[in-house]
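Q: One structure, as structure tokens, below. Some questions next.
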Amino acid sequence: MERPLPSGTVTFLFTDVEGSTKLLHELGDDVYAQALADHRLILRAAFSAHGGVEVDTQGDAFFVAFPTAPGALRAAADSMEGLASGPICVRVGIHTGTPLLTDEGYVGVDVHRAARIAASGHGGQVLVSSSAAPLIGTGELRDLGEHRLKDLSAPERIYQLGGKDFLPLKSLYRTNLPIPATPFLGRENELAEVLRLLEDARLLTLTGPGGTGKTRLGLQAAAEAAEHYPDGIFWVPLAPLRDPELVLATAGQALGAEDGLAAHLADKSLLLLFDNFEHVVEAATGLSELLASCPNLHLLVTSRELLRVPGEQVYPVSPLEPKDGTELFLARARAVLPSFVASDAVAELCTRLENLPLALELAAARARVLSPEQLLERLSQRLDLLKAGRGVDPRQQTLRATIEWSHELLDADEQQLFARLAVFVGGCTLKTAEAVCDADLDILESLVDKSLVRVREGNRFWMLETIREYAVERLEDSGEAPDLGRRHAEHFLALGEEAEPYTHRVDATWLDRLDREADNLRAALDWFEAFEETQLVLRLAGALMDYWGAKGYLAEGHRRLEDALAADDSPTAARAKALNAAADMQIGQGDAARARLRAEQGLALHRQLGNTWGVAASLFLLGSCEADDQEFERARQLWEESAHLFHQAGDSFQTLLATRMLAWAYDELGESDRARGLIEDVLEQARATGDKHLQVHALESLAHTAAPEGRLEEAAALLREAYELNRDLGDRFRQAILVCRFARVLAFAGRAGTAAKVLASGETLHEEMGASPMGWLRRGNDQALTLIHAGLDEAAFAEAWEQGRKLTADEAVALALDSLD
């Protein structure tokens, strides 16, 4: 039986193969693989014989827990003896502590400490921490003296098993690096990248807004790189300085230079870490001169602002990855409340805090009195809610203090643009910033350089929400908020109306452009609502109908439109368009009765206003409502009139869409040849003009009739083409419909299990959009379900359905096509 992990006082043992890459090249793949396997057998036998429990194995390294320190030492000794005659040589570290044992394994600094002790040794060497040594007895141990390990913890006495001589431990020396209050967590990839850049760049600047963890990453990188700088690594803290002239003098004091810094450094191989350079950035030219005078000097700088000097290599420090952010929060929360238990709210809290290390640290400090759920409820006051305890740099006492530090370093023009940019939600393009905020490119670039604004792919400027919250306060204080809010709202109203003709035809480029501005469009609607600009709300909501439908925001679109219609019943063109838009949203949500009411209201108002195109659109929607109730003769009449009016209005696209619907009515009324002829004509015209959306509709219709007639290969090929075309368009609503259509073909083909999975995926996709399959699609799905239930018992169906709910659309379609091949 597998032993349980020991708890309470536990001794950890870490092993690692020295020179594994070199050994692999020397021995060759096959011989090395066998040697590695033999090494694992020897170590596992030794661990097991002395009560060890294997916690983790990664590559050629072991992590083992022992209930006693003597057992760990005996296992290490047996391991060394067993490996003595082979080519593989391992280093071993042993450390005793009282880690927290959770369902996920061990948590706490003791794990990291044991790993660091092992990493500081050499092949064939067994190192023992000062906490484990007294439990073993020092008779077999050699005292190696005090060492600072690369986790930057306080110096600790390290012992070695046996009296053999080895090279000096790989620990820190000739350094003044501070001892952090907490261990370094996460950021493995970032740390590796910084170390790689340090190998080539003599001046590396870690930049980013306050609270992203630049200092902590810089300190850890400096510690890890210590072996490359035999003359030492030195930390120069600049936060207390105000005079740039004192920067180099402060560095000289840190190194004990008596005859000037450059003369002291000369040709020494040394790394200097300048921390918090942003407020003395005028001293940057002095760094260039220092590098020119000292050929073996390397500089690592942390700064919220770029130095902008020759040779500078910049590394932007981003917030943590979600996994690392959660790990940091949990570690810090358990430091203040050992009994802290993670809940589902932790991940959401970390996301809302943007995985910003300082914010996570400050939030975790509240874990004694506030649960993650309670913290979430209070995040609207995050700038002041999250506070540090005593003994913390005043700049990082609160999120507000951290951001104010950066804000105070801005000049008046920069402060003004910083505040104005807060009007955007989710960022903006340069063109939009210029149009709404009168942004100057040089000033905007300066805000980017100072880490208050960021640039993401596509040249989109944005702020971390924590920083934007502070900027919103500055905008309110400036008195410009009302004017900026109106300019912002009117700009995005113009964008929505400019996009409307394109989104109506499901133009992927315009749909994606609006999707990037989704938060700004919402903010514009909110502004118009707040200032009771009800006609402008109706205009923008009506213009966004096709965007909401294609991107699957049906629930949001329905709510916005109904609220807008309730707020203003003036008989205007904006209301008429919004009535049709509301009907369209309700058809997508499966509410034909409500859709009919809105379409009838839209029809009456469009006729009153003399809008031929609007009348045609209302008739089109009413035809869909009749078809939903299987009143296909009435639907035929409505679609016939709609197609005629669209043609009269000169809209060939909408004429073809209405013709496609007319073909469906003819098919349901028994005129299948006439229906097929119409659909084939629509497809031909759509292909001639390259209209992918019309092609998708026509291909769907042909597949719908092919499946019940037994032409299953043809139906599958038609749906495959439709799905691939729709993928280019990015129409989520049509995507869900196509997945359901594939399920129907599978059901007719007798693939009951696969059909159940694919249909479950299609239904789930509808649910995620706040949609419900329309009447005709519901009847098709029910038809598929009848065939599926005929081939599966309830247990098999339930299992297949649950599996299908987890499939993406692409996975469901790939499964369908594999089954139908």
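Q: How big is the gap, in Å, between the Cα center of region 198-216 and the Cα center of region 469-483?
A: 31
Q: Measure off 7 Å from each Cα along the Cα-to-Cβ vector at residue 321 and residue 689, then give the distance between these two points in nanometres to one decimal.
A: My value for the distance between the label points is 4.8 nm.
Q: What angle, in degrees between 0 and 90 and rounded to the nearest 10, separates the Cα long axis of helix 809-820 from the longest principal axis of the Cα atoms of the chain?
A: Tilt relative to the chain: about 70 degrees.
Q: Something else about it: Equivalent ellipsoid semi-axes for region 23-180, as square roots of 5 times the alpha carbon gyration tensor eigenvalues: give them largest first, rounded to whole Å.
A: Each semi-axis is the square root of five times an eigenvalue, giving 25, 19, 17 Å.
Q: Same structure again: May I ask for the distance between the Cα centers of region 736-781 and region 284-329, given as a whole number of Å?
A: What the calculation gives is 54 Å, centre to centre.
Q: Taking only DSSP H segments of four or more residues, each worth -39500 (n - 2.57), what value at 222 nm results for the chain once the sum is divided by all its residues, to the nearest 500 deg cm²/dmol?
A: Counting only the DSSP helices, I get -18500 deg cm²/dmol.
Q: Assuming 0.36 nm per residue, please report the length gained on full extension of the stretch residue 122 to residue 789 beyond their Cα-Cα distance.
A: This chain segment gains 233.5 nm when fully extended.
Q: Would you please give the FRET efficiency between residue 441 and residue 107, computed as 1/(1 + (r/R0)^6) with r the Cβ-Cβ distance and R0 = 41 Å, to the nearest 0.05?
A: Calculated transfer efficiency: 0.25.
Q: To the nearest 10 Å², what's residue 165's accessible area with a 1.4 Å probe?
A: 110
Q: Could I ask something else about it? Based on Cβ point charges of +1 for Lys and Arg and -1 for Asp and Glu, what charge dipole magnitude is obtained for region 1-125 about its Cα centre, in debye rounded to the nearest 20?
A: Dipole magnitude for region 1-125 comes out near 400 debye.
Q: Can you give me the orientation-averaged projected area of the convex hull built on the Cα atoms of region 697-821, in nm²?
A: That works out to 6.6 nm², a quarter of the Cα hull's surface.
Q: What area, in nm² and to one decimal, does the C-alpha convex hull of the chain cast on average over all directions?
A: 43.0
Q: Normalise the Cα radius of gyration of region 1-90 by 2.2 N^0.38 Å (N = residues in it) and let me know the number.
A: 1.12
Q: Follow-up. Just to be sure I understand the model, the point goes 7 Å from the Cα along the line to the Cβ. What's the resulting residue 34 to residue 477 distance in nm?
A: Label-label distance for residue 34 and residue 477, simple model: 7.4 nm.
Q: Kindly express, to the nearest 10 degrees and within the range 0 to 90, the angle between helix 554-567's C-alpha long axis and the longest C-alpha principal axis of the chain.
A: Once rounded, one gets 60 degrees.
Q: Mark the label point 7 Å from the Cα of residue 572 along Cα→Cβ and return the residues of region 484-500 whose backbone N is within less than 12 Å of it.
A: none
Q: Next up: Roughly how many percent of the accessible protein surface of region 25-164 is carbon and sulfur, given a 1.4 Å probe and a whole-percent answer?
A: Of the solvent-accessible surface of region 25-164, carbon and sulfur hold 53 percent.
Q: Separate question: Mind checking the angle between helix 692-706 and the chain's longest principal axis? C-alpha axes, 0 to 90 degrees, to the nearest 10.
A: Once rounded, the angle reads 70 degrees.
Q: Just to compare against my own numbers: the Cα pair-distance distribution for region 695-764, 10 Å bins, whole % per bin, please.
A: Calculated over all Cα pairs of region 695-764, the distribution is 23, 56, 21, 0 percent.
Q: Expressed as a whole percentage, what fraction of the accessible surface of region 266-347 belongs to carbon and sulfur atoms when a 1.4 Å probe is rolled over the protein heavy atoms?
A: Summing carbon and sulfur atoms, their accessible area is 56 percent of the total for region 266-347.
Q: Take 42, 587 and sort them by solvent-accessible surface of the protein heavy atoms, 1.4 Å probe, largest at the top.
A: 42, 587
Q: Could you name the lysines whose alpha carbon sits less than 24 Å from that of residue 323, not counting residues in the same chain fewer than 8 places away?
A: 150, 214, 387, 806
Q: For the pair residue 258 and residue 135, how long in nm is the line joining their label points, each one 7 Å along Cα→Cβ?
A: Using points 7 Å along Cα→Cβ, the separation is 4.8 nm.
Q: What percent of all Cα-Cα pairs in region 652-754 falls in each 5 Å bin, counting up from 0?
A: It works out to 2, 14, 23, 23, 22, 11, 4, 1, 0, in whole percents.
Q: With a 1.4 Å probe and every protein chain left in place, work out the accessible area per residue of the chain in Å², rounded to a whole number.
A: Here the per-residue accessible area is 43 Å².
Q: Not counting ligands, DNA or RNA, and with a 1.4 Å probe, what is residue 631's accessible surface area in Å² rounded to the nearest 10?
A: Roll a 1.4 Å probe over it and residue 631 shows about 100 Å².
Q: Please give me the summed charge of the neighbours of residue 191: other residues whose Cβ is under 13 Å from its Cβ, Lys and Arg +1, Asp and Glu -1.
A: Net of charged neighbours comes to -2.
Q: Now a separate question. With viscosity set to 1.567 mPa s and temperature to 4 °C, compute the Stokes-Einstein D of region 576-707, Rh being the Kirkwood radius across alpha carbon pairs; µm²/s, no decimals.
A: 88
Q: Expressed as a whole number of Å, what is the distance separating the alpha-carbon centroids of region 118-169 and region 653-708?
A: Here the two parts' Cα centres lie 79 Å apart.
Q: Could you work out the relative contact order of region 670-821, using alpha carbon pairs under 8 angstrom and six or more residues apart, expressed as a whole percent?
A: Over region 670-821, the number comes to 22 percent.
Q: Calculate the translational D of region 99-155 in whole µm² s⁻¹ from Stokes-Einstein, where the hydrodynamic radius comes from the Kirkwood formula applied to all Cα pairs, the temperature is 4 °C and the viscosity 1.567 mPa s.
A: Translational diffusion coefficient: 101 µm²/s.
Q: Turning to a different aspect of this structure: Which translational diffusion coefficient, to the nearest whole µm²/s, is obtained for region 97-204 from the Stokes-Einstein equation, given a Kirkwood hydrodynamic radius over C-alpha pairs, 25 °C and 0.890 mPa s?
A: Result for D is 155 µm²/s.
Q: Follow-up question, since we're still on this one. Grab the beta carbon distance between residue 799 and residue 721, set R0 = 41 Å, and tell me the FRET efficiency rounded to 0.05.
A: The formula returns an efficiency of 0.85 here.
Q: Oh, and also: For region 178-221, give the percent of accessible area contributed by carbon and sulfur heavy atoms, probe 1.4 Å, rounded to a whole number.
A: Summing carbon and sulfur atoms, their accessible area is 54 percent of the total for region 178-221.
Q: How much FRET efficiency would the formula 1/(1 + (r/R0)^6) give for residue 27 and residue 337, where r is the Cβ-Cβ distance and R0 is 45 Å, rounded to 0.05?
A: FRET efficiency, residue 27 to residue 337: 0.35.
Q: If you don't mind, there's one more thing I want to ask. Defining a contact as two alpha carbons under 8 Å apart and six or more residues distant in sequence, what relative contact order in percent does region 409-524 show?
A: Relative CO of region 409-524 lands at 32 percent.
Q: Out of every Cα-Cα pair in region 174-226, what percent are more than 12 Å apart?
A: In whole percent, the share of Cα-Cα pairs in region 174-226 beyond 12 Å is 67.
Q: Okay, next question. What does the convex hull of the Cα atoms come to per residue for region 143-286, in Å³?
A: It is 146 Å³ per residue.
Q: Another question, then. Along the principal axes of its C-alpha atoms, what lengths does region 264-335 span, in descending order and rounded to whole Å?
A: So the three principal-axis extents are 47, 24, 18 Å.
The values are calculated or read from the model by the stated rules, or taken from the named source; none is laboratory data. Computed from a predicted model, the values in this text were never measured in an experiment. Quick reminder, even Gly has a Cβ in these numbers, built from the backbone with ideal geometry, and neighbours come from all protein chains shown. Areas reflect the complete protein model, heavy atoms only, side chains present, ligands, DNA and RNA absent. Shrake-Rupley method; radii C 1.70, N 1.55, O 1.52, S 1.80 Å.
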